[in-house]
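Here's the structure, in structure tokens; my notes come after.
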Ligand SMILES: NC(=O)c1ccc[n+]([C@@H]2O[C@H](COP(=O)([O-])OP(=O)(O)OC[C@H]3O[C@@H](n4cnc5c(N)ncnc54)[C@H](OP(=O)(O)O)[C@@H]3O)[C@@H](O)[C@H]2O)c1
């Protein structure tokens, strides 16, 4: 299997490039001399990330400021990125929100917003990208889902269901496009130290973002289908998925 790291130049589109996990991943790609097209909604943060990646050795860095919730903008945005990079080897979807579970339990609009950002917007992006890569009979679509999508829990089932929907969508898409030479990688991180988890109880014990990023780069290079990261989350989620519902519904998870 050809490693992306060995194919030159590596052209990567990053959606949600100011995410902590995305930034750490891009730092590795920059050091490998990749060409990067970065998309985020915060212009100031995006400019800082782009400038850092240039100094770290990226061959080419271009950016676009967009709120990815606006799906009407996606086709033009993606076509623009492909033009700027003069091609595309991989797309990496990293944007997402944890959202306010307590508010979402009371108000549908809060739940809808979480589902839109984490599920509907990625479906829009990935649909365009999959069709683009199928036409070229190559490409990698790597998407940050979550272990939270493996089983609904009372503490975060709105976020969890957005990621469950996303993971299931990606399973089906993979089944469709694998035979067309396109890789779909579902990334399921466990709790990782980023802005998203900064205030959480026990966050000092969460996974190191640079180690998570290293595993993601390796999984993309190896064209893996699903990555649990850190790896111990695979057996942990296997156990959690198999707890009988009559027991699970009594737990405070
Ligand atoms: N950290 C974890 O423990 C963990 C675990 C499992 C899965 N994940 C997933 O990994 C991904 C990255 O998370 P992270 O930990 O790196 O968190 P993060 O640092 O908070 O990054 C989330 C990013 O998403 C961006 N974003 C949110 N809504 C957007 C929108 N409508 N348009 C454009 N950008 C938008 C945010 O932009 P702003 O900075 O402008 O708000 C931010 O850059 C997410 O999908 C998350 O669900 C994280």
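Read-outs throughout are calculated quantities, based only on the coordinates presented, and are distinct from any laboratory measurement. Given the structure is predicted, the values throughout are model-derived calculations rather than measurements. All Cβ positions, glycine included, derive from the backbone under ideal geometry; neighbour counts span all protein chains shown.
Among the residues of segment 178-226, those identified as without any contact (Cβ under 8 Å) to a residue 24 or more places away in the chain and away from the ligand (no atom under 15 Å from the Cβ) are 178, 179, 218.
From the list 103, 79, 111, which one is surrounded by 20 or more Cβ atoms within 10 Å (Cβ to Cβ) and either part of a helix (DSSP H, G or I) or more than 9 Å from the ligand (Cβ to nearest atom) (or both)? Lay out the reasoning, then the answer.
Working: 103 fails: surrounded by 20 or more Cβ atoms within 10 Å (Cβ to Cβ); 79 fails: surrounded by 20 or more Cβ atoms within 10 Å (Cβ to Cβ).
Selected residue: 111, the only one of 103, 79, 111 that is surrounded by 20 or more Cβ atoms within 10 Å (Cβ to Cβ) and either part of a helix (DSSP H, G or I) or more than 9 Å from the ligand (Cβ to nearest atom) (or both).
Scanning segment 59-73 for residues that are closer than 25 Å to residue 29 by Cβ and assigned to a loop (DSSP other than H, G, I, E, B), we see that the one that is farthest from the ligand (Cβ to nearest atom) is 59. Of the residues making up segment 127-173, just one is more than 16 Å from the ligand (Cβ to nearest atom), over 19 Å from the mean Cα position of the chain (by Cα) and either under 20 Å from residue 240 (Cβ atoms) or surrounded by 18 or more Cβ atoms within 10 Å (Cβ to Cβ) (or both), namely 154. Could we say that residue 87 is out of contact with any helix residue (DSSP H, G or I) (no Cβ under 8 Å at 6 or more places or on another chain), touching a residue at least 24 places away in the same chain (Cβ under 8 Å), outside any helix (DSSP H, G or I) and surrounded by fewer than 16 Cβ atoms within 10 Å (Cβ to Cβ) here? Yes; evaluated as a whole, the condition is true for this residue. Screening residue 46 with (1) closer than 21 Å to residue 21 by Cβ; (2) in contact with a strand residue (DSSP E or B) (Cβ under 6 Å, 6 or more places away or on another chain); (3) not in a helix (DSSP H, G or I) gives one miss only, at (3).
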